[in-house]
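Chemist: Please read through the structure below; I'll follow up with questions.
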Protein chains: 2
Amino acid sequence: MSLVFSKNDFISCCGSTKFAEEMVADGPFATYDEAVVAAKNIWFNRVDVNGWLEAFAAHPQIGQNLSSSAHNSSTSAQWSKGEQSTALATATDSSLQELYEWNSRYKQKFGFVFLICASGRSTPEILSELKRRFSNRPIVEFENAAEEQMKITELRLHKLFSNVTQAQS
Amino acid sequence: MSLVFSKNDFISCCGSTKFAEEMVADGPFATYDEAVVAAKNIWFNRVDVNGWLEAFAAHPQIGQNLSSSAHNSSTSAQWSKGEQSTALATATDSSLQELYEWNSRYKQKFGFVFLICASGRSTPEILSELKRRFSNRPIVEFENAAEEQMKITELRLHKLFSNVTQAQS
């Protein structure tokens, strides 16, 4: 048996149109592991740099949806919030303010939002990683962001597969 | 004595607005060598990936202005033509056609034109390099293009400095 997902399902995992289209074309996948192998191949070998920028642009600034009262109900936004639950639990007003300021500096230097797979990371950890990565050359940070995007994509593919399995059991 | 160049002079060397603005801010430069050191630092450490794409987009497809009757009189277009004089001397109708087709495939895969410092290279050499590089991952080719852009920028900075020196002598 293979699970059939739509382009929109894959867009929720990674906001590159090309990525989602190629996942549909390469699927359906019998297992989560099979989907991850395909996803890595598509993301690193077939999606071009414009597709990477498109995927990065689909993310809110980290911390943004923790402090605001935004009610974005898209799957991606809901998952983003869940992935930042540890950050939320460890955030203070002043650390969120600092995160906000460093995010702005980061975006100013690199031209895209700071991307990090936040799952299980505290706000101080995220802030420290942001400051460390800020000194990188733009091309190095572009590749770091792509690696982080892939980690986020894996987590979300896992949720896709889990949701279906739960619904079926 | 230092030579003062304008933002437009630097745009003719490299089509990134940020690059040109930072060159003006870092200048004036006493020598060509000093300008190259600044240019490398700005291009690789300060211009972000969007700026790289902006600079790449300022180039015609290689071979395009050899075969066409285009009369683009901008400094950059004129220099581009000069840099491709060896390619022109070694081009045939069929090799230009093949170059055109591979350029299209390249742009389709990577999202930007094939960039190569063409100076002194024959059309068969350029074509062979294009085919070799076509199999690269998008991020690898993005960095290759940035390296080639820097070589082109160096050649053009050299022309800028030579023109002024000639005008003064």
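The values are calculated or read from the model by the stated rules, or taken from the named source; none is laboratory data. No experiment lies behind these values; they were computed from the predicted model shown. Cβ: placed from backbone, ideal geometry, glycine included. Neighbour counts: every protein chain shown. Protein only, heavy atoms only, side chains kept; ligands, DNA and RNA dropped before computing areas. Shrake-Rupley method; radii C 1.70, N 1.55, O 1.52, S 1.80 Å.
Chemist: Cβ-Cβ distance below 7 Å, separation of 6 or more or different chains: which pairs start in region A:14-29 with a residue that is closer than 18 Å to A:ALA145 by Cα and end on one that is of a type in the set (Asp, Glu)?
Modeler: Partner pairs satisfying both residue conditions: A:GLY15/A:GLU54; A:SER16/A:GLU54; A:THR17/A:GLU54.
Chemist: Answer yes or no: is there a residue in region A:121-135 that is out of contact with any strand residue (DSSP E or B) (no Cβ under 7 Å at 6 or more places or on another chain), assigned to a loop (DSSP other than H, G, I, E, B) and open to solvent by 70 Å² or more (accessible area, probe 1.4 Å).
Modeler: Yes, region A:121-135 contains at least one residue that is out of contact with any strand residue (DSSP E or B) (no Cβ under 7 Å at 6 or more places or on another chain), assigned to a loop (DSSP other than H, G, I, E, B) and open to solvent by 70 Å² or more (accessible area, probe 1.4 Å).
Chemist: Show the residue pairs that are 6+ apart or on different chains and have beta-carbon atoms under 8 Å apart, the first residue being within region B:106-129 and within 14 Å of A:VAL49 (Cβ to Cβ) and within 14 Å of chain A (Cβ to nearest Cβ), the second being part of a loop (DSSP other than H, G, I, E, B) and open to solvent by less than 10 Å² (accessible area, probe 1.4 Å).
Modeler: Once the first residue is within 14 Å of A:VAL49 (Cβ to Cβ) and within 14 Å of chain A (Cβ to nearest Cβ) and sits in region B:106-129, its partners that are part of a loop (DSSP other than H, G, I, E, B) and open to solvent by less than 10 Å² (accessible area, probe 1.4 Å) give B:TYR106/B:PHE114; B:LYS107/B:PHE114.
Chemist: Do we have any residue at all in region A:150-159 that's within 13 Å of chain B (Cβ to nearest Cβ), within 22 Å of B:ASP48 (Cβ to Cβ) and either in contact (Cβ under 8 Å) with a residue 12 or more places away in the chain or loosely packed, with under 13 Cβ neighbours inside 10 Å (or both)?
Modeler: Within region A:150-159, one or more residues are within 13 Å of chain B (Cβ to nearest Cβ), within 22 Å of B:ASP48 (Cβ to Cβ) and either in contact (Cβ under 8 Å) with a residue 12 or more places away in the chain or loosely packed, with under 13 Cβ neighbours inside 10 Å (or both).
Chemist: Only one residue in B:ASN72, B:ASN65 is modelled with pLDDT under 80, over 30 Å from A:ALA57 (Cα atoms) and open to solvent by less than 30 Å² (accessible area, probe 1.4 Å), so which one is that?
Modeler: Selected residue: B:ASN65, the only one of B:ASN72, B:ASN65 that is modelled with pLDDT under 80, over 30 Å from A:ALA57 (Cα atoms) and open to solvent by less than 30 Å² (accessible area, probe 1.4 Å).
Chemist: Which condition from (1) under 13 Å from A:LEU157 (Cα atoms); (2) away from chain B (no Cβ under 14 Å) is the one that A:LYS40 breaks?
Modeler: Of the numbered conditions (1) under 13 Å from A:LEU157 (Cα atoms); (2) away from chain B (no Cβ under 14 Å), the odd one out for A:LYS40 is (2).
Chemist: If you check A:LYS81, A:LYS107, which single one turns out to be at pLDDT 95 or above and more than 19 Å from A:PHE19 (Cα to Cα)?
Modeler: A:LYS107
Chemist: Determine if region B:83-90 includes at least one residue that is more than 14 Å from every other protein chain (Cβ to nearest Cβ), open to solvent by 30 Å² or more (accessible area, probe 1.4 Å) and not in a helix (DSSP H, G or I).
Modeler: Yes, there is a match, as at least one residue in region B:83-90 is more than 14 Å from every other protein chain (Cβ to nearest Cβ), open to solvent by 30 Å² or more (accessible area, probe 1.4 Å) and not in a helix (DSSP H, G or I).
Chemist: Restrict the check to region A:145-156 and report whether at least one residue is modelled with pLDDT under 95 and more than 25 Å from B:ASN45 (Cβ to Cβ).
Modeler: Checked region A:145-156: no residue is modelled with pLDDT under 95 and more than 25 Å from B:ASN45 (Cβ to Cβ).
Chemist: Of all residues in region B:2-31, count the ones that are part of a helix (DSSP H, G or I) and open to solvent by 60 Å² or more (accessible area, probe 1.4 Å).
Modeler: 7
Chemist: Here's another thing I want to ask about it. Going by the structure shown, is B:CYS117 buried (at least 16 other Cβ atoms within 10 Å of the Cβ) and touching a Phe, Trp or Tyr at 6+ places or on another chain (Cβ under 8 Å)?
Modeler: no
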